[in-house]
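To start, the structure itself, in structure tokens.
Nothing in this text is a laboratory measurement; each read-out follows from the coordinates by a stated rule. It should be emphasised that the depicted structure is a prediction, and the values quoted were computed from it without experimental measurement. Glycine gets a Cβ as well: all are built from the backbone with ideal geometry, and neighbour counts include every protein chain shown.
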Amino acid sequence: MPQTTRSPGPPTTVRGQAKAQRRQDLLAAAATLFAERGYAGVSIDDIGAAAGVSGPAVYRHFPSKQAVLGAVLLEVSSDLLDRGREVVARSPDPARRLRALICFQVEFALHRPAVIVVQDRELPNLTEADRRAVRVLQRGYVTLWVDALRELAPARDVAELTLRAQAAFGLINSTPHSLRTAHRLRAPQDAGRLDVARAALEEMTWAALRTAFDPIPTSTGGTP
């Protein structure tokens, strides 16, 4: 049975913690390089150099470049689902739950733009096993949003609510999709602009999703 490249459990020794930190440094460097150059344009040596180690040292953590990509996307997908579940658990009120999910996704999008680019573009380069695992995690995350929407718009079809949730992701992720824009927004001197971007994305996404709460229009069959 094929194995996916999920991360190991939390380390318990100083040496283990240092190794885990090096692994995270490699994944962060790889995500940035994959986003900037594309998977095909990045080598193991590039990843190692960006993380401050030699190319061969990368193999102490990952057996291949494809395994690095798998770890990047599996970890972010798992993190989104786990943290999304925490958001839902803390928000018993349906409207506040949906707003909290929006805020969570906006924060993620503004602070991890490289991962969003890789997530959108590089799924075909995963192993089949990793691709299936990522898809399962992603569907779980979408379901959190759809369930929140269903409580607020019970008359709407699940397929429609899924479409609305996916469209919301597209709206939120569109701003940081350009690395140049995201880096500019994240510059220390532009901290105020980041706040503006966050508020705008949250407001627009809420406005778009709340249209689902309105009564479903009925066709009169005639021309006005």
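Some points to look at:
- Highest average first, the peptides 119-125, 45-51, 89-95 ordered by how many other beta carbon atoms sit within 10 Å of their residues are 45-51, 119-125, 89-95.
- Given R0 = 22 Å, the distance between the Cβ atoms of ARG90 and MET204 translates into a calculated FRET efficiency of 0.40.
- Surrounding net charge for PHE104, when Lys and Arg each add one and Asp and Glu each subtract one, Cβ distance under 14 Å: +3
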